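The values are calculated or read from the model by the stated rules, or taken from the named source; none is laboratory data. Just so you know, these numbers come straight off a predicted model, no measurement behind them. Cβ placement follows ideal geometry from the backbone for every residue including glycine, while neighbour counts extend to all protein chains displayed.
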Amino acid sequence: MILVVALPVMILTAAAIRIEGRGPIIYSQTRIGRGGKPFAMLKLRSMVPEADDQLASLLDLQGTSTRPLHKVVDDPRITRVGRFIRKHSIDELPQLFNVIAGTMSLVGPRPQRAAEVAFYDDAAERRLLVKPGMSGLWQVGGRSRLDWEDALRLDLYYVENWSFMQDLQILFRTVRAVAAPGDGAR
């Protein structure tokens, strides 16, 4: 049902991405899922084509290439349409297909790239005990404002204290966070 509601938004966003410039509309990136198994995570493209080729040099420039949470501050690769769709998490909607395929869940720790997972210690490895999610505790509890330690603490709390009611609460908080994204959304 969520996919039916999201489909018109995805179609309009795809048109905006195409009007803005060249490149694919859907972006697929290999992420690490439950049990350390890689899968192709889908997103609406919010960056310039070949943005992945620039990631390592941007992380090196800001001195963050040796941490598990790879975020580029004031990322120059993000397009104008991309800024809007990221702020409102519209770029994440194609992950509904990942949920249908069984590689993701609506709620869980966000899946990370293999290069980020390579930095995991034993505690962080526990993130991989559950399916990754489209949303999770750190997405509704601070988003991009959180550092790795805080994001990990929230993810481990989720893994160790999973409940259906908690998932429902996170989903309701996700709707609020997307409707009124605040300064943590990037």
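Values as computed for the structure displayed
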{"quantity": "Some residue of region 25-32 being within 22 Å of Pro132 (Cβ to Cβ) and charged (D, E, K, R)", "calculated": "yes"}
{"quantity": "Breaking point among (1) at pLDDT below 90; (2) touching a helix residue (DSSP H, G or I) at 6+ places or on another chain (Cβ under 9 Å), for Glu20", "calculated": "(1)"}
{"quantity": "Residue selected from region 53-81 under the condition at pLDDT below 70 and within 16 Å of the chain's Cα centre (by Cα), by the criterion farthest from Phe119 (Cα to Cα)", "calculated": "His70"}
{"quantity": "Test: residue in region 11-26 that is closer than 22 Å to Ala115 by Cβ, of a type outside the set (Gly, Ala, Ser) and in contact with a Ser or Thr (Cβ under 8 Å, 6 or more places away or on another chain)", "calculated": "no"}
{"quantity": "Cβ-Cβ under 7 Å pairs, at least 6 apart or on other chains, region 114-135 side of a type in the set (Asp, Glu), far side part of a loop (DSSP other than H, G, I, E, B)", "calculated": "Glu116/Pro68; Glu116/Leu69; Glu116/His70"}
{"quantity": "Yes/no for Val117 being β-branched (Val, Ile, Thr) and modelled with pLDDT of 90 or more", "calculated": "yes"}
{"quantity": "Criterion violated by Val48 - all others in (1) touching a strand residue (DSSP E or B) at 6+ places or on another chain (Cβ under 9 Å); (2) under 30 Å from Glu125 (Cα atoms) satisfied", "calculated": "(2)"}
{"quantity": "Residue pairs meeting the criteria (Cβ under 7 Å; at least 6 apart or on separate chains; first under 21 Å from Ala124 (Cα atoms), in region 154-177; second assigned to a loop (DSSP other than H, G, I, E, B) and among the β-branched types (Val, Ile, Thr))", "calculated": "Val159/Val130; Trp162/Val130"}
